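Quick notes on the structure that follows.
The values are calculated or read from the model by the stated rules, or taken from the named source; none is laboratory data. Please read all numbers here as calculations on a predicted model, not as lab measurements. Methodologically, a virtual Cβ is constructed for each residue, glycine included, from the backbone with ideal geometry; neighbour enumeration extends over all protein chains shown.
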Amino acid sequence: MELKAGLVEISWTLVFQLANTLILFLILRKLLFKPVSEMMAGRQNAIVESIKEAEDKNAEAEQLKLEYQRRLEGAQAEGRELIKDASKRAETRADEIVAQAQQEAMKIKDRAEADIQREKQKAANMMKEELAALAVMAAGKIIGKDLDEKGHDKLIKDFIDEVGETTWSN
């Protein structure tokens, strides 16, 4: 029984070939397709898990990055605050130093003014004494007699009392 239908000849060989192909398919399916499919599914699951793990790691890294940025901003703010405080302390210290220097200058000025006043008074007293001595000498020449030391001192004292302290202070 051989029938020809185009390129394929229908015969027992064709039936055995189909049966062999079916058996081979079933054996390969049992031995090859199932393990390969399981391996492919496992690999796909591993890839999906790796992607999920990578996304989790990226999210965690992003959170760490944000936390570090917040810490950095906090540290920068703290640094600015420290600089501000140090500047205030330095400014306060500078003001204290300037105030101390001004106080010291005022003390020096006051002492100098007091010294000047004492020297003025001393010079005025010396001038009074010299003027009184000259006046006594002139009076002695006018009167025509020499005064003794007691008389001389009394005449000077009277002259100073008469002229007064205010005249010489001015």
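State yes or no: is S50 under 11 Å from the mean Cα position of the chain (by Cα), surrounded by 10 or more Cβ atoms within 10 Å (Cβ to Cβ) and either within 30 Å of R29 (Cα to Cα) or at pLDDT below 95 (or both)? No, not satisfied.
Okay, residues lined up against (1) of a type in the set (A, V, I, L, M); (2) in a helix (DSSP H, G or I); (3) within 27 Å of I156 (Cβ to Cβ):
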position	(1), (2), (3)
Q63	no, yes, no
L66	yes, yes, no
G74	no, yes, no
Q103	no, yes, no
M106	yes, yes, no
I116	yes, yes, yes
A124	yes, yes, yes
A132	yes, yes, yes
